Each structure stands twice: as C-alpha cells, then as structure tokens.
1. Name the one entry in LYS147, LYS120 that is at pLDDT 95 or above, under 17 Å from ILE55 (Cβ atoms) and not hydrophobic (A, V, I, L, M, F, W, C).
2. Going by what's in this entry, would GLY83 be described as in a loop (DSSP other than H, G, I, E, B) and either within 28 Å of ILE21 (Cα to Cα) or touching a strand residue (DSSP E or B) at 6+ places or on another chain (Cβ under 8 Å) (or both)?
3. For TYR77, which of the numbered conditions (1) of a type outside the set (Val, Ile, Thr); (2) under 30 Å from GLU230 (Cα atoms); (3) assigned to a strand (DSSP E or B) fails to hold?
4. Mind listing whichever residues of segment 93-115 are among the hydrophobic types (A, V, I, L, M, F, W, C), within 26 Å of GLY54 (Cβ to Cβ) and out of contact with any helix residue (DSSP H, G or I) (no Cβ under 7 Å at 6 or more places or on another chain)?
5. Could you check how many residues of segment 145-164 are within 13 Å of GLU207 (Cβ to Cβ) and not in a strand (DSSP E or B)?
6. Could you give me the residue pairs with C-beta distances under 8 Å whose first residue belongs to segment 60-74 and is surrounded by 22 or more Cβ atoms within 10 Å (Cβ to Cβ), whose second residue is of a type in the set (Asp, Glu) wherever it lies, and which are 6+ apart or on separate chains?
7. Residue pairs, Cβ under 7 Å, 6 or more apart or interchain, first in segment 161-184 and at pLDDT 95 or above, second in a loop (DSSP other than H, G, I, E, B) and of a type in the set (Val, Ile, Thr). List them.
8. Given the condition of a type in the set (S, T, N, Q), touching a strand residue (DSSP E or B) at 6+ places or on another chain (Cβ under 9 Å) and modelled with pLDDT of 95 or more, answer yes or no: does some residue in segment 40-59 qualify?
Amino acid sequence: MRKLSNEDSSRFARHLSLAEIGKKGQEKLKNARVLVIGAGGLGSPLLIYLAAAGIGTIGIVDDDVVSLSNLQRQILYTTAEVGLKKVTLASQKLSALYPEIEIQLFDLRLNEENAEEIFKKYDVIADCTDNYKTRALIGKFATKLGKPLAFASVLNYEGQVSVFNYQGGPAFNDLYPNIPKDGIYKENEIGLLGVLPGITGTLQANEIIKIITGYGEVISGKLLVFNIQENRFNLFKI
C-alpha cells in the first residue's frame with residue numbers, strides 16, 4: 001500500500017478537502033493501476049488528468065508516432081515532436097507532471113495474443129481507440145477478466161461515454177452485440193472538431209476517478225451521448 005507523501009499532501013490539497021475523496025480516496029488513486037489504450041485525441045486529455053489526479057500506475061498501449069495532423073487535437077504533443085513515438089513522449093510528460101507516477105509502456109498493436117496478459121495487471125481499462133475491431137477486442141477481454149472498462153468515442157461534433165463491467169452492469173457486447181464494420185478512410189477525410197476529444201477524454205477521466213474512489217454516480221448501464229454543436233446532452237439506458 002503506497003502512502004501519500006508530504007509532497008502529495010500539498011499537491012492534492014484540493015482533493016483532500018473534498019469529503020467524498022479525502023485522504024482515503026487519494027490513497028486509492030495512488031495505488032490504482034489504469035491501462036490506457038490509445039495515446040491520441042482521447043488519450044491525451046485522459047492521460048494528463050489521470051496523472052494530475054495522482055493515479056499511481058498508468059499503462060499506455062500505442063504503436064504510433066506523432067504526425068502533423070494529430071496536433072489539432074492531441075494536446076500531449078508539439079510540432080517539434082512530429083515523427084517521434086507517442087508512448088515515449090507521453091511517459092516523459094506524465095512523469096514531469098507527477099514524478100511519483102509509474103509509467104508502463106506497450107509500444108505495440110493490441111491483439112488476441114497479447115491483450116489478456118496485458119489486461120491482467122490493471123484495475124481499470126480505458127478504451128481510447130478509434131475503430132470497432134479494436135473496441136470489440138478490448139470489450140471481449142475486459143469482460144472476460146471482469147475489469148471495469150471506461151469507454152469513449154468521438155466523431156464530427158458528437159461524443160459518447162460509458163462504463164462497462166462495473167458492479168454487474170452491462171458489457172460492451174450488450175451495446176454492440178453485432179460489431180459494425182469499420183469504414184476505410186484516410187485520417188483527414190474524417191471530420192472532427194479538435195476540442196471534442198478534450199471534452200470527451202476529460203469526462204472519461206472523471207468516470208475512472210469515480211470507479212477508483214467510489215465518489216459520485218458511475219455511468220454504468222447508461223450511454224452518455226452529447227453534441228457540442230447543439231449543446232445537447234442525452235443519457236440513454238442500455
């Protein structure tokens with residue numbers, strides 16, 4: 001059990017002042033292990049806020065490098081870092097934000113052979129991917145291992161957030177029993193307002209903090225769908 005350091009007490013003072021989190025909740029965050037799959041548009045804000053919140057161990061799965069077209073929404077990276085590995089850059093920046101964090105890097109493409117072994121090591125799985133095939137794979141192994149799965153997706157002006165496998169709640173397969181086929185598009189052919197992944201990934205981070213600390217109501221058994229063009233938020237029961 002990792003205890004809060006003196007520096008932690010200062011760093012997380014605003015959390016410690018919240019009755020719903022306090023010292024006990026902050027220690028839960030420090031001892032939590034979260035796996036984030038995808039360090040792009042959704043993964044960038046999610047990783048930043050998980051590190052800032054004091055998550056003790058974060059695993060990052062991504063085999064991509066930074067491209068210029070990423071920078072419109074992937075706020076972890078800069079122009080000077082185009083062509084460099086995302087997992088390496090993310091690790092450096094999260095450690096700079098919270099030096100006591102342990103970052104575990106998986107510079108690979110998730111598949112049927114490696115998913116289960118990787119997932120076993122973590123308390124919560126976060127899906128920040130952008131295709132149905134990988135989402136179905138994540139949902140399959142998260143359900144098999146009984147791991148809470150924080151799900152998010154974005155397109156154009158619309159975001160979706162939900163949590164699966166939480167305290168007996170629905171699984172990913174309950175929302176998508178038949179996985180849609182992914183279209184074949186070049187990245188720049190898909191419209192996406194840059195701030196949308198920021199909003200969605202931040203909501204996803206909030207759900208993970210809820211799962212770990214027990215504060216608030218987790219979006220389990222429901223799907224939050226919102227449109228930032230129309231300022232419309234809807235919560236659907238699964």
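The values are calculated or read from the model by the stated rules, or taken from the named source; none is laboratory data. Given the structure is predicted, the values throughout are model-derived calculations rather than measurements. All Cβ positions, even for glycine, are placed from backbone atoms using ideal geometry, and neighbour counts span all protein chains on display.
1. Within the list LYS147, LYS120, the selection yields LYS147.
2. Taking the combined requirement at face value, the residue satisfies it.
3. Only one criterion in (1) of a type outside the set (Val, Ile, Thr); (2) under 30 Å from GLU230 (Cα atoms); (3) assigned to a strand (DSSP E or B) is unmet by TYR77, namely (3).
4. Residue satisfying the conditions is ALA96 alone.
5. 1
6. ASP62/ASP107; VAL66/GLU81
7. VAL161/ILE219; SER162/ILE219; VAL163/VAL218; VAL163/ILE219; TYR166/VAL218; PRO170/ILE238
8. Checked segment 40-59: at least one residue is of a type in the set (S, T, N, Q), touching a strand residue (DSSP E or B) at 6+ places or on another chain (Cβ under 9 Å) and modelled with pLDDT of 95 or more.
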